[in-house]
Amino acid sequence: MSENIEVLLEEKRLFKPSPDFSKKAHIKSFAALKTLRKQALKNPEAFWAKAAKELHWFKPWKKTLEWKVPFAKWFIGGKLNLSYNCLDRHLTSARRNKAALIWEGEPGEVRTFTYQQLYYEVCRFANSLKHLGVNKGDRVCIYMPMVPEAAIAMLACARIGATHSVVFGGFSAESLRDRINDAQAKLVVTADGGWRRGAIVKLKDAVDEAIKECKSVERVVVLKRTGQDVGWQQGRDIWWSDAVHDQSAVCPAEPLDSEHPLFILYTSGSTGKPKGVLHTTGGYLTHTALTTKWVFDLREDDTFWCTADVGWVTGHSYVVYGPLANGATSLMYEGGPLHPSPDRFWSMIARHRVSIFYTAPTAIRTFMRLGVDYPKRHDLSSLRLLGTVGEPINPEAWRWYRETIGGNRCPVVDTWWQTETGGIMMTPLPGATPTKPGSATLPFPGIDIDVVDKDGKSVPLGSGGFLVIRKPWPGMLRTIYGDDARYKTQYFSQIPGIYFTGDGARRDKDGYFWVLGRIDDVLNVAGHRLSTMEIESALVSHTSVAEAAVVARPDELLGQAVVAFVTLQKSASPSPELKEELRAHVAKAIGAIAKPAEIRFTDSLPKTRSGKIMRRLLREVAAGKGVRGDVTTLEDFAVLAKLQSDDE
Ligand code: WTA
């Protein structure tokens with residue numbers, strides 16, 4: 001990146017933690033946080049070793065870190081078990097009878113597992129896995145709806161040292177096949193189906209289709225969830241209830257090497273087949289346990305709700321492992337956020353008295369568009385902390401979230417991290433960090449993040465550049481499964497020897513980080529670099545706009561031109577006048593250079609199942625090309641069809 005990303009949009013509002021919140025928080029002041037960060041930066045190994053000592057180890061480690069660029073090993077020689085840390089060690093205190101998981105199905109049923117009950121279920125399933133031929137080191141693919149058994153299966157794998165690969169239930173049979181084959185999974189855990197927006201997602205059918213071409217799969221365990229008839233292959237398929245039927249509830253947790261492979265999680269790269277991001281045991285757990293405790297300021301009586309699916313890394317780290325390692329109560333929900341009506345989330349928060357709520361900006365913008373009536377119908381006073389993750393949050397949505405959902409009372413933590421980082425990397429600590437809407441603020445203690453130019457030199461405050469991580473951290477991916485070479489080139493070649501996140505960012509004059517989105521989402525208009533996110537943010541700050549996605553299309557004169565896809569608030573209607581008004585609005589917020597050359601109104605934007613806007617598709621639509629490539633993660637194909645036909 002020869003020039004810096006030009007940063008033209010300034011967000012000036014500052015929200016300090018309330019004294020009341022700070023008093024009770026784990027980290028109580030900005031000064032305390034600064035000291036912690038300084039010490040941890042000087043000696044990250046000592047910082048993380050202290051955190052690791054909070055966990056239960058069967059055998060202590062000999063060496064905290066071995067770093068042979070780009071391969072890291074943490075807590076070498078130590079032995080532990082993640083399932084033991086999430087379950088067994090809570091059974092000797094009053095936590096034994098505390099709710100570990102509270103689950104709500106989309107049709108409305110609720111199931112609660114105490115730590116004792118969850119332990120029982122995990123041990124029995126771990127024994128059935130062994131009985132079905134799964135050994136330490138084998139890979140198990142989990143293709144499940146958001147049901148407690150998904151978490152039970154993950155914990156059971158961790159208990160016996162099998163490496164799990166959770167594949168999101170929204171992925172197609174072909175995607176599933178590729179992931180099973182890449183990991184060479186021996187066993188698949190699935191369900192007949194799951195509920196999503198009142199319909200059945202037929203998971204077992206997809207598994208049957210996928211494993212026609214998967215030689216490695218020997219057995220398939222099927223949970224009965226939705227009850228319709230499913231195909232069956234005798235000798236290969238077994239119902240979950242039959243698999244656990246005769247299994248004993250005694251299953252000692254296997255002492256595993258700190259670097260034992262815990263899970264593989266596939267994530268899309270900008271090119272090529274999905275990458276199997278590999279995480280290991282001791283470092284990952286240290287990172288997720290500490291971040292859960294400090295970022296969400298966890299207390300014994302909290303009800304913690306992270307809305308992510310376990311098919312994504314957020315579900316791994318902040319639905320299952322982080323909360324359970326801390327002995328917290330984690331709420332899990334099966335279905336769609338707007339089903340059967342758009343107040344489903346608010347009704348759940350009220351009914352379960354949720355105190356910490358962690359969701360994605362896309363969801364927040366959707367709720368914002370639906371208006372304040374839905375949240376206002378419910379008592380949200382149990383909430384004390386709000387979080388966001390997954391994409392840059394525009395200041396308008398941040399403010400709406402804080403005001404309308406948090407009643408101006410709850411701090412908002414905007415957490416930046418990636419599948420590859422395992423846990424949260426940049427975030428406010430709610431009792432300590434003054435927040436600025438739209439900024440993930442500062443690195444978590446012990447994390448060395450920087451914004452650099454193409455030569456790896458730190459850019460001055462106020463400028464933009466590549467977001468990099470300078471030193472290894474415990475939760476970092478260890479490699480791309482089976483492909484060390486790709487791991488090296490993907491992450492450590494842009495700036496030799498330093499981890500490149502793929503994101504652009506800038507630091508403001510206070511040193512706060514503003515993540516500008518993926519570098520490939522950065523536009524270059526007439527030689528000026530602009531962030532799509534900044535233009536989107538400007539558009540969304542207009543009262544008529546609900547959501548916006550900005551992409552570039554090739555332009556002979558300017559290199560690239562800005563095209564904005566805009567969805568309007570219900571109260572607004574599209575008109576040529578409104579287009580002009582919006583262009584002027586962007587010019588006013590950022591500058592004439594950022595004015596979209598073209599604005600297209602659309603009912604909704606094409607998104608992946610995890611809620612990310614599919615920019616590549618929009619770029620192709622904007623450029624007037626047909627859509628190509630893998631679209632199996634599209635939320636709603638109708639949206640795509642509409643955008644294309646608009647084009648004709
Ligand atoms: C983006 C999700 C801005 C970023 C945990 C990153 C964010 C990618 C934020 C990783 C945030 C995530 N602010 N951008 N708070 N959090 N991102 O692997 O571009 O699904 O590189 O991990 O999401 O997405 P992933």
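The values are calculated or read from the model by the stated rules, or taken from the named source; none is laboratory data. This one's a predicted model, so the numbers in the text were calculated from it and none came from an experiment. Positions of Cβ are generated from backbone atoms using ideal geometry, with glycine treated the same way; all protein chains shown enter the neighbour counts. Just the protein is used for accessible areas: all its heavy atoms, side chains included, with ligands, DNA and RNA removed. Shrake-Rupley method; radii C 1.70, N 1.55, O 1.52, S 1.80 Å.
Got a sec? Which of T435, T404, T388 is free of Cβ contacts under 8 Å to residues at least 40 places away in the same chain, outside the structural domain of L539 (by TED's automatic domain parsing) and more than 30 Å from F492 (Cβ to Cβ)?
Result of the check over T435, T404, T388: T404.
Take region 320-342 and flag every residue that is assigned to a helix (DSSP H, G or I) and not hydrophobic (A, V, I, L, M, F, W, C).
Y321, G322, P323
Among the residues of region 356-382, count how many are in contact with a Ser or Thr (Cβ under 6 Å, 6 or more places away or on another chain) and open to solvent by less than 30 Å² (accessible area, probe 1.4 Å).
4
Take residues that are touching a helix residue (DSSP H, G or I) at 6+ places or on another chain (Cβ under 8 Å) and within 16 Å of the ligand (Cβ to nearest atom) and tell me which of the helices (runs of 4 or more DSSP H) falling wholly in region 343-449 contain 2 or more.
361-370, 395-400
Count, please, the residues in region 68-105 that happen to be closer than 18 Å to A151 by Cβ, assigned to a strand (DSSP E or B) and not β-branched (V, I, T).
Matching residues across region 68-105 total 5.
Taking the stated definitions as given, is I498 open to solvent by 10 Å² or more (accessible area, probe 1.4 Å) and hydrophobic (A, V, I, L, M, F, W, C)?
yes
Matching residues to (1) open to solvent by 10 Å² or more (accessible area, probe 1.4 Å); (2) over 21 Å from G193 (Cβ atoms):
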{"residue": "D88", "(1), (2)": "yes, yes"}
{"residue": "S93", "(1), (2)": "yes, yes"}
{"residue": "R96", "(1), (2)": "yes, yes"}
{"residue": "E109", "(1), (2)": "yes, no"}
{"residue": "T112", "(1), (2)": "yes, yes"}
{"residue": "Y115", "(1), (2)": "no, yes"}
{"residue": "L118", "(1), (2)": "no, yes"}
{"residue": "C123", "(1), (2)": "no, yes"}
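Within the set of pairs 6+ apart or on separate chains, which have a first residue in region 473-487 that is outside any loop (DSSP other than H, G, I, E, B), a second that is open to solvent by 10 Å² or more (accessible area, probe 1.4 Å) and of a type in the set (A, V, I, L, M, F, W, C), and C-beta atoms under 9 Å apart?
So the pair list comes out as T479/F71; T479/L278; I480/L278; D484/F71; Y487/F71; Y487/L278.
Out of all the residues in region 223-245, which are in contact (Cβ under 8 Å) with a residue 40 or more places away in the chain and either assigned to a strand (DSSP E or B) or under 30 Å from the mean Cα position of the chain (by Cα) (or both)?
Selection gives L223, R225, I238, W240.
Return yes when V220 is under 24 Å from the mean Cα position of the chain (by Cα) and assigned to a strand (DSSP E or B) and no when it is not.
Judged against the criteria, V220 is not a match.
For region 1-49: of the residues being among the small types (G, A, S) and farther than 25 Å from I356 by Cα, which is modelled with the lowest pLDDT?
Among those that are among the small types (G, A, S) and farther than 25 Å from I356 by Cα, it is S2.
Condition test on E54, is it at pLDDT 95 or above, closer than 28 Å to L155 by Cβ and in contact with a His (Cβ under 9 Å, 6 or more places away or on another chain)?
no
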